[in-house]
Amino acid sequence: MAEPVVETQKLTKIFLDFWGRKKKVALRALDIKVNQGEIFGLLGPNGSGKTTTIKLLLGLLFPTEGRATVMGKSTTDVRKNELIGYLPEESYLYRFLNAEETLDFYGRLFDLPASVRVRRSQELIERVGLARDKKRQLREYSKGMRQRIGLAQALINDPKLVILDEPTSGLDPLGARWMKDLIRDLRNEGKTVIMCSHRLEDVQDICDRIAILHEGDLQSYGHVSDLLKDTMRVEMRASQVKLTPELEKDLREVLTRHGGTLDTVGNPTTTLEDYFLRIVEESKARPGRRFLPGEQTGKNEPVGKK
């Protein structure tokens with residue numbers, strides 16, 4: 001098997017007070033592996049150890065016990081950072097630079113040649129959707145635009161590992177969908193992504209595996225599909241059939257013969273995100289359409305008139 005991109009073994013971080021006494025156990029004996037080409041979610045409430053874990057991986061903190069490796073190198077080896085892209089929750093970018101100047105600055109930090117900096121900057125500005133605003137100073141950017149340029153700077157060195165802290169923070173539903181699609185694209189390009197997010201629906205949408213931390217301890221770890229599977233319940237979907245009392249009665253009798261019970265029966269629903277995005281796209285396609293209260297189609301689609 002290929003060597004994991006990130007591996008921790010009994011990784012522990014204890015913060016001490018001024019007198020050297022134990023003040024806070026931020027992380028306790030963490031054992032995880034992040035494989036190449038996967039999107040890995042790091043979850044937990046505030047104070048659970050997520051940020052501490054990221055800082056340990058980046059070499060910004062030193063472990064009290066245990067060890068961690070990133071792409072086969074110790075986290076204390078600064079050379080590994082050339083292969084990492086990092087988007088913090090709050091991007092501390094220079095407000096008086098524009099998008100092009102910002103990416104050129106970060107490209108210089110990685111010692112990229114001038115021709116490479118120019119090419120990468122233009123590609124990334126186009127990719128994150130800021131081509132029309134690349135000459136504006138960052139102080140004029142909205143939170144969502146700052147998040148986009150922050151992602152661009154995290155990718156300027158074409159990293160193998162991308163660490164994203166709250167990547168959809170400050171984005172509207174359209175922007176959040178764009179961000180999730182881009183993260184999937186990064187995975188398809190062979191990059192490994194570690195992301196922290198309080199928006200659990202985002203994690204469920206795109207992450208392959210997750211780790212849930214609470215008060216510094218690893219509480220759950222594995223593939224999202226396996227962790228969310230309820231093995232004591234059966235879900236069934238059927239098409240080309242109308243729900244009738246007779247059908248419901250037959251289903252209930254079948255389940256009873258097999259020792260089960262029919263909890264609910266009804267029509268499937270979409271997600272609010274998908275519904276919202278579809279309505280926006282339909283509105284763009286048909287300018288001037290508006291919703292008329294009291295009128296609905298058979299598929300819960302708003303009926304509109306110009």
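What follows is calculated from the coordinates using simple rules that are stated; it is not laboratory data. As the structure is a computational prediction, the values presented were derived from the model and not from experiment. When we count neighbours, we look across all protein chains shown, and the Cβ atoms used for this are built from the backbone with ideal geometry, even at glycine.
With r as the distance between the Cβ atoms of Asp111 and Val265 and R0 = 51 Å, compute the FRET efficiency 1/(1 + (r/R0)^6) and round to 0.05.
0.20
Can you tell me the orientation of helix 99-109 relative to the chain, as the angle in degrees between its alpha-carbon axis and the longest Cα principal axis, to the nearest 10?
Approximately 50 degrees, to the nearest ten.
Taking a ≥ b ≥ c as the square roots of the Cα gyration tensor eigenvalues, with a/c under 1.5 meaning rounded and otherwise prolate when a/b beats b/c, else oblate, which class fits the chain? Write down the numbers at each step before the final one.
Details: a/c = 2.44, a/b = 1.31, b/c = 1.86.
It comes out oblate by the Cα gyration axes.
Using alpha-carbon pairs under 8 Å, 6+ residues apart, how would you state the relative contact order of segment 1-45 in percent?
Taking the mean separation of contacting Cα pairs over the length of segment 1-45, I get 42 percent.
Given only helices, namely DSSP H runs of n ≥ 4 each adding -39500 (n - 2.57), what is the per-residue ellipticity at 222 nm of the chain, to the nearest 500 deg cm²/dmol? Don't jump to the answer; show the numbers that get you there.
Details: 9 runs with 101 residues, N = 306.
Taken over the chain, the calculation gives -10000 deg cm²/dmol.
Just to confirm my numbers, what's the Cα centroid distance between segment 193-261 and segment 62-91 in Å?
Segment 193-261 and segment 62-91 have Cα centres separated by 34 Å.
According to a simple spin-label model (label point 7 Å from Cα along Cα-to-Cβ), what is the distance in nm between Phe15 and Lys33?
Spacing of the two 7 Å Cα→Cβ label points: 3.2 nm.
Compare Glu248, Glu126, Glu65 in a GNM of the chain, Cα atoms joined below 10 Å, and give the one with the largest fluctuation.
Judging by the Gaussian network model, the answer is Glu248.
In degrees from 0 to 90, rounded to the nearest 10, what is the angle of the helix 245-257 Cα long axis to the longest principal axis of the chain?
70 degrees
Could you size up the charge dipole of segment 6-228 around its Cα centre, putting +1 on the beta carbon of Lys and Arg and -1 on that of Asp and Glu, and report it in debye to the nearest 20?
Working: 36 positive and 31 negative charges, 116 e Å.
Dipole magnitude for segment 6-228 comes out near 560 debye.
Hey, if you put +1 on the Cβ of every Lys and Arg and -1 on every Asp and Glu Cβ in the chain, which of Ile206, Ser48, Leu58 ends up farthest toward the positive end of that dipole?
Checking the options against the dipole of the chain, the answer is Leu58.
If you average the sequence gap of Cα pairs under 8 Å that are 6 or more apart and divide by the length of the chain, what percent do you get for the contact order?
Details: 473 pairs, mean separation 60.9, N = 306.
It comes to 20 percent, rounded to a whole number.
Given a 10 angstrom Cα cut-off, can you work out which residue in Leu164, Leu247, Leu60 is the most mobile in a GNM of the chain?
Ranking Leu164, Leu247, Leu60 by mean-square fluctuation puts Leu247 first.
Once you place label points 7 Å from the Cα toward the Cβ at Met232 and Arg278, how far apart are they in nm?
3.4 nm
Please say if segment 1-129 is rounded, prolate or oblate, where rounded means a/c under 1.5 for a ≥ b ≥ c the square roots of the C-alpha gyration tensor eigenvalues, and otherwise the choice is prolate for a/b larger than b/c and oblate otherwise?
prolate
Using a Gaussian network model of the chain with C-alpha springs under 10 Å, which one of Ala285, Ala29, Ala211 is most mobile by mean-square fluctuation?
Maximum fluctuation in the GNM of the chain, among the listed residues, is at Ala285.
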